[in-house]
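A.B. asks: The structure under discussion is supplied below as structure tokens; questions concerning it will follow.
Since every read-out is calculated from the coordinates, none of them should be taken as a lab result. Treat the numbers as computed from the prediction; the structure is a model and nothing was measured. Counting neighbours? That spans all protein chains shown, and the Cβs are built from the backbone with ideal geometry, glycine included.
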Amino acid sequence: MTYVTIKHCSIVSKKTMNKIKKRKQRKEQFKRYCAKHMDVVREGERRRQQERRMIVLKHYSGETPRCQCCGETIYEFLTIDHIEGGGTKHRNTGGAHDIVKWLIKNNFPEGFRVLCFNCNCSRRGGECPHKRLQGAPFG
Ligand SMILES: [Zn+2]
Ligand SMILES: [Zn+2]
């Protein structure tokens, strides 16, 4: 009797082990699927964000978005600048961490322009160094 029970138990446990293993495998598969799926979702969101950004850049700059100070056209360098320098003021209007979305939602308000990262950053403390060089021959 004892023997049978043990045997029986061991069979059941083996089956159960298999079940647990399979369940684990399925869980892993699901995890992998989710991770892959999330990548696709993130990739799509990233592309949509880029498209939105392009729409805004084109609106404020033209068919080929460029820096209004130095003429830089490399997409990755371009930023949207508040002409009044009212970055903080703008931020206070809420939800402004994503200026691209904000501009679209507010129907492209005036007072913004496209600047490259260099020009945008360097004019934080005043004017862009390009301005100082204006009049000097290029090259
Ligand atoms: Zn520039
Ligand atoms: Zn500049």
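A.B. asks: Determine which residues of the stretch 61-81 fall in the zone a paramagnetic label at K131 would reach in this model, i.e. backbone nitrogen under 13 Å from the point 7 Å along Cα→Cβ.
C.D. replies: Only 69-70 fall inside the zone, counting backbone N under 13 Å.
A.B. asks: Using every Cα-Cα pair within the stretch 33-133, state what percent have a distance larger than 17 Å.
C.D. replies: Tail of P(r) above 17 Å: 57 percent of Cα pairs.
A.B. asks: Right, next: With a 10 Å radius around each residue's Cβ, average the other Cβ atoms per peptide and rank 73-81, 110-118, highest first.
C.D. replies: Order by mean packing, descending: 110-118, 73-81.
A.B. asks: Moving on to the next point. If R0 is 35 Å, what FRET efficiency do you get for R48 and R26 from their C-beta distance, rounded to 0.05?
C.D. replies: Using R0 = 35 Å, I get an efficiency of 0.60.
A.B. asks: R0 = 25 Å: FRET efficiency of C121 with D39, Cβ-based, nearest 0.05?
C.D. replies: Efficiency, from the Cβ-Cβ distance: 0.20.
A.B. asks: Follow-up question, since we're still on this one. Across the stretch 33-133, how many lysine pairs, 8 or more positions apart or on different chains, have C-alpha atoms separated by under 20 Å? Please give the number.
C.D. replies: 4
A.B. asks: Let me ask something additional. Length gain on complete extension for the stretch E63 to V12, per 0.36 nm per residue less the alpha carbon to alpha carbon distance?
C.D. replies: Taking 0.36 nm per residue and subtracting the Cα distance, the gain is 11.3 nm.
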